[in-house]
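This report refers to the structure that appears directly beneath it.
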């Protein structure tokens, strides 16, 4: 029987949202087990979090340097196979860089790092070490996103003309950061979140979704960022016009002040032969308007879907799958790649299907270019 891969987690302890999601996703296929961690920013909370999750005392660390030092001391047959980084953004780079340099495989939450220089350094380090590095743009793991990708890249829409992606949330429509909300506190603090707010937190997802499905590269953009909640230090609303290489046009909106909205991420792609639309809040369906027939409603799990959508589905059609399963699909791709590398083989791309460090670096460049554009008034015309 193939052993489960061993992993450590940095961040994701008591009071954290996304760490628990990662652990549940990793548990879904029974392919990995959490054996070590440095789970919080203070030694006390880190150790308490590890005890709650059942970590052995000698692998329950007060901080990530101690975790790395301990793993490097261990024999190869008991070391972790990879580390999962689920901290606030400002911790991503030092942890990822240190573990990659030490030869470990890494999975990191998004946005990857704070600056393009850091992103480029990570890309270079991963290339030098030959390690696996996944970035958890989890929406890329939905079966119907993969179906949309295969249809667009397979030419079913013809030449792409227009890409519209928006991500609307309402949870930051008021100043939660001043009322003790842990998630709002760090996500609106530029020292921890980075210079970008909404455009980094959810705009990075929107950019990756558009890139994943269409394969198009942004050639130029025009951005308007706003901090609409009084006193907020980072943007909470972003509107962008996009121009893609090859001539297609696009619109990207990322806003966390849409009062009452929950997690309304949707993508529309229009080509010369039809249009597709996918909505995250109804993830099991993909709408297709062909130019030569009526609206088609494609559903997850159907036997006529493409191979990548089929492989990303765990349940028969009509049984809902969603957020955690999408994360699990990203992790399954990462784990498949790790196992192949350990065996000295090359994984089937259909199985090793996950966002790479280069995707994360592109996302960082997107955020920086958006901030640059928003700081300029060159494209504004007075009324």
Cα-only Rg/Rh for segment 138-218 with Kirkwood Rh rounds to 1.11
Between residue 127 and residue 233, Cβ-based FRET efficiency (R0 35 Å, step 0.05) works out to 0.50
Scaled by the rule-of-thumb 2.2 N^0.38 Å, the alpha carbon Rg for segment 56-112 gives a ratio of 1.11
Rounded to the nearest 5, the percent of antiparallel DSSP beta bridges in segment 143-315 equals 85 percent
Per the 1/(1 + (r/R0)^6) rule, R0 = 25 Å and r from the Cβ atoms of residue 291 and residue 245, FRET efficiency to 0.05 is 0.55
By Cβ neighbour count within 10 Å, fewest first, 86, 229, 106 rank 229, 86, 106
Note on the chain: contact order normalised by length, alpha-carbon pairs under 8 Å, 6 or more apart, percent, works out to 18 percent
Residues 324, 85 in order from fewest to most other beta-carbon atoms within 10 Å are 324, 85
Segment 1-40 scanned against label point 7 Å out from residue 51 along Cα→C-beta; backbone N under 14 Å for 14
Projected onto their principal axes, the Cα atoms of segment 143-315 stretch, largest extent first, over whole-Å spans of 52, 39, 25
Hull surface over four for the Cα convex hull of segment 214-306, reported in nm², is 8.3 nm²
Per principal axis, largest first, the Cα atoms of segment 303-357 extend in Å by 39, 23, 18
Expressed in nanometres to one decimal, the distance between label points 7 Å along Cα→Cβ at residue 102 and residue 264 is 4.5 nm
The chain: antiparallel bridges as % of DSSP beta bridges, rounded to 5, reads 60 percent
Options (1) 21.4, 65; (2) 20.3, 64; (3) 20.8, 70 are given for Rg and Dmax of the Cα atoms in Å, and the computed one is (3)
By Cβ neighbour count within 10 Å, fewest first, 67, 216 rank 216, 67
Once both label points are put 7 Å beyond Cα along the C-beta direction, the residue 74-residue 24 separation in nm becomes 2.6 nm
The base-10 log of I(q)/I(0) that the Debye equation returns for segment 227-383 at q = 0.14, 0.19 Å⁻¹, one scatterer per C-alpha, is -1.06, -1.40
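Each value in this text was obtained by applying a stated rule to the coordinates, not by laboratory testing. Quick caveat, the model's predicted, so the values are computed rather than measured. Here the Cβ is made from the backbone with ideal geometry for all residues, glycine too, and neighbour counts use every protein chain on show.
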